[in-house]
Amino acid sequence: MASVYTESLSRLMAELGKLPGIGARSAERLALHLLKVPQEEAEALAQAIRDVKRNTRHCSQCCNVTERDPCAICSDPRRDATVLCVVEQPRDLLAIEKTGGYRGLYHVLMGRIAPLEGVHPEDLTVDHLVRRIKATGVKEVILYTNPDLEGDVTAQHLARLLQPLNVRITLPARGIPTGSQIEYATESILRDALEGRREIHG
């Protein structure tokens with residue numbers, strides 16, 4: 001059956017459908033919406049996408065996304081460089097940073113260990129984390145992974161790996177319900193979990 005849409009519109013729907021959480025119906029609605037917006041709005045969106053791909057990189061220290069290297073957090077002399085909070089994704093860093101209650105540095109794993117999904121420690125920034133701890137004066141590492149199976153597996157693996165490095169290894173208090181995500185937790189819950197963190201051993 002022939003498509004009722006033009007070739008360019010069908011191509012736009014196909015590209016939008018590749019985005020996470022966007023199904024065929026949502027891609028169709030978005031494409032038709034973009035067709036109706038003024039030309040300058042559509043071009044501004046296209047330019048924003050080009051700019052973020054051209055200008056965004058990973059910080060050479062914490063692996064967070066940034067437009068300058070090192071990023072604003074790593075280059076801030078007011079941050080406590082002896083404490084390192086390890087998170088799975090940049091969005092987790094953002095959620096914790098919004099609490100205003102943490103003044104240390106971060107390390108972004110860019111994922112979590114999930115063997116069933118084909119994600120192993122070597123696919124993350126784990127080796128970079130180990131080298132960073134060895135080369136700097138880090139005294140405490142907070143393993144702030146998501147409270148689900150993959151997050152727990154990742155935290156346990158890191159705890160065993162970091163134990164010989166003579167650093168204090170801590171986990172946040174369990175204020176976030178099991179199976180939920182850090183990015184959806186309230187700022188007060190994230191802040192309380194940090195303040196109530198406990199030391200663990202690998």
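What full-extension length gain, to one decimal in nm, is calculated for Arg168 and Glu122 as 0.36 nm per residue of separation minus the Cα-Cα distance?
That works out to 14.2 nm of additional length.
Principal axis lengths of segment 135-196 from Cα atoms, whole Å, largest first?
Principal-axis extents of segment 135-196 (Cα, largest first): 34, 23, 17 Å.
Run the quick spin-label model on Ala46 and Ala24: label points 7 Å from Cα toward the beta carbon, then report their separation in nm to one decimal.
The two pseudo-label positions are separated by 2.7 nm.
Going by amide H atoms built from the backbone, whose H comes under 5 Å of the H on Ile169, apart from near neighbours?
Those qualifying (amide H under 5 Å, at least 5 residues apart or on another chain) are Val141, Ile200.
At what distance in nm do the modelled label points of Asp69 and Ile200 sit from each other, each positioned 7 Å from its Cα along Cα→Cβ?
Using points 7 Å along Cα→Cβ, the separation is 3.1 nm.
For labels at Glu7 and Gln39 in the simple 7 Å Cα→Cβ model, what's the distance in nm?
Placing both labels 7 Å beyond Cα along the Cβ direction yields 2.2 nm.
Taking only DSSP H segments of four or more residues, each worth -39500 (n - 2.57), what value at 222 nm results for the chain once the sum is divided by all its residues, to the nearest 500 deg cm²/dmol?
-12500 deg cm²/dmol
Percent of Cα-Cα pairs more than 27 Å apart in the chain, please.
Above the 27 Å cut-off, the chain has 42 percent of its Cα pairs.
Quick one: Cα centre-to-centre distance for segment 10-40 and segment 76-129, in angstrom?
32
Full extension from Glu187 to Asn55: what is 0.36 nm times the residue separation minus their Cα-Cα distance, to one decimal in nm?
44.6 nm
Taking a cut-off of 29 Å between Cα atoms, list the lysines near Lys53, but don't count ones fewer than 8 places away on the same chain.
Those lysines meeting the cut-off are Lys18, Lys36, Lys98.
Report the residue, chosen from Ala14, Ala185, Ala95, that carries the largest GNM mean-square fluctuation when the chain is represented by alpha-carbon nodes joined by springs under 10 Å.
Of Ala14, Ala185, Ala95, the Gaussian network model singles out Ala14 as fluctuating most.
When the chain is treated as a GNM, springs tying every alpha-carbon pair under 10 Å, which of Ala31, Ala72, Ala173 comes out with the largest mean-square fluctuation?
Looking only at Ala31, Ala72, Ala173, the largest GNM fluctuation is found for Ala31.
Rounded, prolate or oblate, given the Cα gyration tensor of segment 7-55, with a/c below 1.5 counting as rounded?
oblate
Sort Met13, Met110 so the one with the fewest other Cβ atoms within 10 Å of its own Cβ comes first.
Met110, Met13
Using only the alpha carbons of segment 13-102, what is the convex hull's orientation-averaged projected area in square nanometres?
8.0
For the chain, find the longest principal axis of its Cα atoms and tell me its angle to the long axis of helix 39-55, 0 to 90°, nearest 10.
That works out to roughly 30 degrees.
Read-outs throughout are calculated quantities, based only on the coordinates presented, and are distinct from any laboratory measurement. Keep in mind the model is a prediction, meaning the values are calculated, not measured. Positions of Cβ are generated from backbone atoms using ideal geometry, with glycine treated the same way; all protein chains shown enter the neighbour counts.
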